[in-house]
Amino acid sequence: MFRRKKKEEAVETTPESQAPIEEALMAPVEETAATTPVPDETSAVEGVPAAESVSAAATAEAADGVSSPITKRRGHRVQKVGTVSSDKMQKTVVVRVDRLVLHPKYRRYVRRTSRFMAHDDLGATTGDRVRIVETRPLSARKRWRVVEIV
């Protein structure tokens, strides 16, 4: 069906045919390098990431006396809703989060349970439905915080 090309049949390029191509490519590159402007290091807008230019604009407005409502926001934090299964610790609860997962072979939904230790200032007790949100590590196993009792 398919046959491979032999080495003799392969098209060979000669150095004569490559020389004009290289000269044609090199000339426009040199011209564009000479005509492109070099960005100035003192420019506040060009060559600086957007976050730094915004902060520079904010300090400029602050110097003028005009305050801007630029606030630093945290990223989107994962929230989960679960049931408190243990509240025997001080300011810590164990929250059980159930989710349904489709079984790959049997195509039935299977209940999977995850347990999270969450910091609780609201006083949730066993059996309460709570919403937890991820936060910085508060202890060795506690990385969640109770936001509300649903």
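Just a few scattered comments:
- Among the residues of the stretch 112-143, those identified as in a strand (DSSP E or B), touching a residue at least 40 places away in the same chain (Cβ under 8 Å) and open to solvent by less than 40 Å² (accessible area, probe 1.4 Å) are 130, 132, 133, 142.
- Verdict on residue 127 being on the phi > 0 side of the Ramachandran plot and at pLDDT below 95: no
- Scanning the stretch 86-100 for residues that are in contact with a Lys or Arg (Cβ under 8 Å, 6 or more places away or on another chain) and open to solvent by 50 Å² or more (accessible area, probe 1.4 Å) yields 96, 98, 99, 100.
- Here 113, 92, 71 are screened, and the one residue that is among the hydroxyl-bearing types (Ser, Thr, Tyr) and modelled with pLDDT under 95 is 71.
The values are calculated or read from the model by the stated rules, or taken from the named source; none is laboratory data. Quick caveat, the model's predicted, so the values are computed rather than measured. Methodologically, a virtual Cβ is constructed for each residue, glycine included, from the backbone with ideal geometry; neighbour enumeration extends over all protein chains shown. Accessible surface is based on the protein model in full, side chains and every heavy atom, while ligands, DNA and RNA are left aside. Shrake-Rupley method; radii C 1.70, N 1.55, O 1.52, S 1.80 Å.
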